[in-house]
Amino acid sequence: MLQTKPPAPRPETVPHAEGVSNDEFRAALARLAAGVVLVTAQEPPLDEDGRGEDVGMTATAFMSVSLEPPLVMVSLRNGSRMDDLLDEQPLWAVSVLAASQRHIAGRFAMKGRISDRLLFEDLPYVRGEVTHAPLIGGALATLECRTEQRVVAGDHTLVIGRVLTAELPSPDGEPLAYFKGRYRQLG
């Protein structure tokens, strides 16, 4: 008698308890255009004579929260280098990227990337007066922030920061946007 194995079950997308799969959720939210920012901070120095390493991360989940007081929010993946750093270092900065800075967004969004020190090496930036974090040259706007609150939300942490400084180094440029999984320009 010939023995046959039953066909292996086809992997199906497992819906969330509420009925929305990861793929459906991702596809729906990809239709929401978002601005692109570079979040930066400086790790505390390892010794009293040194300077800490600069760290950067591309983010599209960034928004204004309040005018009085001026608050912004960024969403960080739990356990990411930036999440761990901002858990111990309350000072950070944001550079709102211009359409011409797509290469910067891509550089700091890479998985398995090289060290942050090398990523900053050939970029024009100045140090924030308050945070000492890199503020990218040519950005449409730059903000320096201090963490006011951290809220764990699923697999991310929402970091709410009080805006300490706000500058417009290149206010006339076009913004870099993210839509349907790609960087885009308006217009």
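The values are calculated or read from the model by the stated rules, or taken from the named source; none is laboratory data. Computed from a predicted model, the values in this text were never measured in an experiment. Every residue, glycine as well, gets a Cβ built from its backbone with ideal geometry; the counts of neighbours run over all protein chains shown. Each accessible area value is taken on the protein alone, full model and side chains, heavy atoms only, with ligands, DNA and RNA left out. Shrake-Rupley method; radii C 1.70, N 1.55, O 1.52, S 1.80 Å.
Below are the figures for this structure:
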{"quantity": "With at most 15 other Cβ atoms within 10 Å, longest stretch of the chain clear of loop trypsin sites (Lys or Arg not before Pro) (DSSP)", "calculated": "114-179"}
{"quantity": "Loop-located GluC sites (Glu not before Pro) in the stretch 80-187, at most 13 other Cβ atoms within 10 Å (DSSP)", "calculated": "E121, E129"}
{"quantity": "Estimated FRET transfer efficiency (S115, E18; beta-carbon r; R0 45 Å; 0.05)", "calculated": "0.65"}
{"quantity": "Per residue, in Å², the accessible surface of the chain once ligands and nucleic acids are set aside, probe 1.4 Å", "calculated": "63"}
{"quantity": "Potential extension, L46-V152 segment - 0.36 nm per residue separation minus Cα distance", "calculated": "35.4 nm"}
